[in-house]
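Novice: Encoded as structure tokens, here's the structure I'll be asking about.
All of the numbers you see were taken from the coordinates with simple rules; none came from a lab. Note that this is a predicted model, so its numbers are computed, not measured. All Cβ positions, glycine included, derive from the backbone under ideal geometry; neighbour counts span all protein chains shown.
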Amino acid sequence: MSDSHAEVQPPAKKRRAANFSEEELMLLIEEVAERKAVLLGPLTSVVTNKGKELAWKAVAEAINSVGVVQRNVSDIKKKWFKVKSEVKCKAAKEKSERSKTGSGVAEPTVWKPTEEAMLALIESEAIEGFSSLESGTINPDRPQPSTSAVYRQPTETLVTPVEYISLQPQSSRWI
């Protein structure tokens, strides 16, 4: 019995890209640190999506200039956020291990140079977020904490006295 239908071939598997080298990772961290106000900051009238795209393209070009594998912006962004997440998890685990009670001493965490550089960048982001509140200077380009987190001096008058409110209609419509 012959089959009149052509055999369906399974789709070709996508080849996995080569792993990032330590040199590429270190360069990624350095390039993002150099452009962190644009890449990691909020969108403002100065920092636009187009500006962020251009900054990520510049990071990709820098990494592609030293790497064997040509990587696109999407791969580089994925790698950035994945490494950042892994380092945060590792730091949280280390902190958790240090705060455990019991006998013995916690084993020291071994950090790669790239992880140390990423951790330093993450910690600087966290510290800079609070420095503006402590010094009293607030940068309008950075996101501000919610009003519930900031102490405000009470105002003298919280309610407007009734005699100042006019309930008289202005022309035929109420305002």
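Novice: Suppose the chain between Asn19 and Leu54 were pulled fully straight at 0.36 nm per residue; how much longer would it get relative to their current alpha carbon spacing?
Specialist: Stretched fully, the Asn19-Leu54 segment lengthens by 10.2 nm.
Novice: Here's something else I'd like to know. Find, among the trypsin sites (Lys or Arg not before Pro) in segment 21-119, those assigned to loop by DSSP (not H, G, I, E, B) with at most 11 other beta-carbon atoms within 10 angstrom.
Specialist: Lys100
Novice: For segment 1-109, what class follows from the C-alpha gyration tensor (a ≥ b ≥ c being the square roots of its eigenvalues): rounded when a/c is under 1.5, otherwise prolate if a/b is larger than b/c, else oblate?
Specialist: Oblate is the answer for segment 1-109, as a/c is 1.5 or above yet b/c matches or exceeds a/b.
Novice: While we're on this one: Using the Karplus curve 6.51 cos²θ - 1.76 cosθ + 1.60 with θ = phi - 60°, work out ³J(HN,Hα) for each residue of segment 53-60 in order, rounded to whole Hz, and write x for Gly and Pro.
Specialist: Each residue's phi maps through the Karplus curve to give 4, 5, 5, 5, 5, 5, 5, 4 Hz.
Novice: What distance in nm separates the two pseudo spin-label positions at Glu34 and Ser65, each 7 Å out from Cα along the beta-carbon direction?
Specialist: Using points 7 Å along Cα→Cβ, the separation is 0.7 nm.
Novice: Could you check the simple spin-label distance between Ala126 and Cys89, using points 7 Å along Cα→Cβ, in nm with one decimal?
Specialist: 1.7 nm
Novice: Still on this structure, I have one more. Need the list of lysines near Lys13 for cross-linking: C-alpha distance under 22 angstrom, and skip anything on the same chain fewer than eight residues off.
Specialist: Cross-link targets: Lys78, Lys79.
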